[in-house]
1. Considering the range 237-272 alone, what residues qualify as being within 25 Å of the chain's Cα centre (by Cα) and of a type in the set (Gly, Ala, Ser)?
2. Restricting to the range 114-125, name every residue that is open to solvent by less than 80 Å² (accessible area, probe 1.4 Å) and within 30 Å of Ser178 (Cα to Cα).
3. Considering only residues that are over 10 Å from Phe180 (Cα atoms) and either open to solvent by 60 Å² or more (accessible area, probe 1.4 Å) or assigned to a loop (DSSP other than H, G, I, E, B) (or both), look in the range 254-267 and name the one that is nearest to the ligand (Cβ to nearest atom).
4. Under 6 Å between Cβ atoms, at least 6 apart or on separate chains: pull out the pairs that start in the range 157-175 with a residue that is outside any helix (DSSP H, G or I) and end on any residue that is modelled with pLDDT under 95 and of a type outside the set (Val, Ile, Thr).
5. Pairs only if they're at least six apart or on different chains, beta carbon under 7 angstrom, first in the range 33-62 and under 28 Å from Pro134 (Cα atoms) and part of a loop (DSSP other than H, G, I, E, B), second open to solvent by 50 Å² or more (accessible area, probe 1.4 Å) and of a type in the set (Phe, Trp, Tyr); list them, first residue then second.
6. Only one of (1) among the aliphatic types (A, V, I, L, M); (2) part of a loop (DSSP other than H, G, I, E, B); (3) open to solvent by less than 30 Å² (accessible area, probe 1.4 Å) is not met by Leu128, so which one is it?
Amino acid sequence: MPELPEVETTCRGISPHITGKTINNVIIRQNQLRWPIPDHFATAITGLTIHKVSRRAKYILLQTQQSDTIILHLGMSGSLRITSKDTLPGKHDHVDLVFSDQTVLRYNDTRRFGAILLTTEPLETHKLISQLGPEPLSEQFTGDYLYQRSTDKKSTIKSFIMDGHNVVGVGNIYASESLFMAGIHPARQAGRISSKRYQRLAESIKIVLQRSIDQGGTTLRDFVNEQGKPGYFQQSLSVYGRLNEPCIHCKAPIKQLKIAQRASYFCTRCQH
Ligand SMILES: [Zn+2]
């Protein structure tokens, strides 16, 4: 599943190829995504010029010079790539935005849990965006913020940091990795963690995500690769998926626990 680092890399990958360009044509081969692509979508965006490519949580935002914003979500298996009109679409290439210079932004999605929407509303008040917590890599996201926010919270710390109302983009793998780095047991109650430990956790989340984004930087050229499509990153993982393997710090076997139906990996000696 594309996580925040893949989405960030996607934005960086497509931005230089489409910013400032005008949409000339829209080809929809399959409109049944997580929500159907609106009927007026193709007509509404033809003629619009991309002003800015940005991201909020895992939503890719194509802001146009007009008041419209195209909102894209990659769902479970979606990807975007830059290609040309001459490249024949593959089986799951559902949507093409064709620009006036013949550049094509092509949306591929095997499982079709992604979404392509259009809004003229200010993004801050859009229903998918307005309730989201801060971006983990922003200055707004700090240990103090997490500490304040966690007051009286009875949920586990892992569920707490995976809840997009508290902070966006901390997926299952990143939650396990960050908690390991911060030395916090994933099942600890969120409301019972000191401010000092929250400082470490906020820093760990930033480091883990930034590292992954940096790794993704090496795949940027894949966005214009005719052969493949942008892959999901190979993580170098310290704890996730390493059940019974020795902890990289203390050599104790890594344990696994299900928290809110998601596999959590941790070291009983290093995390408490
Ligand atoms: Zn350990």
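The values are calculated or read from the model by the stated rules, or taken from the named source; none is laboratory data. Please read these numbers as outputs of a predicted model, since none were measured by experiment. Cβ atoms come from the backbone with ideal geometry, glycine included; neighbour counts cover every protein chain shown. The area values use the complete protein model at the heavy-atom level, side chains included, leaving out ligands, DNA and RNA. Shrake-Rupley method; radii C 1.70, N 1.55, O 1.52, S 1.80 Å.
1. Ser238, Gly241, Ala260, Ala263, Ser264
2. Within the range 114-125, Gly114, Ala115, Leu123 meet the criteria.
3. Ile254
4. Gly169/Leu4; Gly171/Glu3
5. Pairs found: Arg34/Phe113.
6. (3) is the only condition that Leu128 fails.
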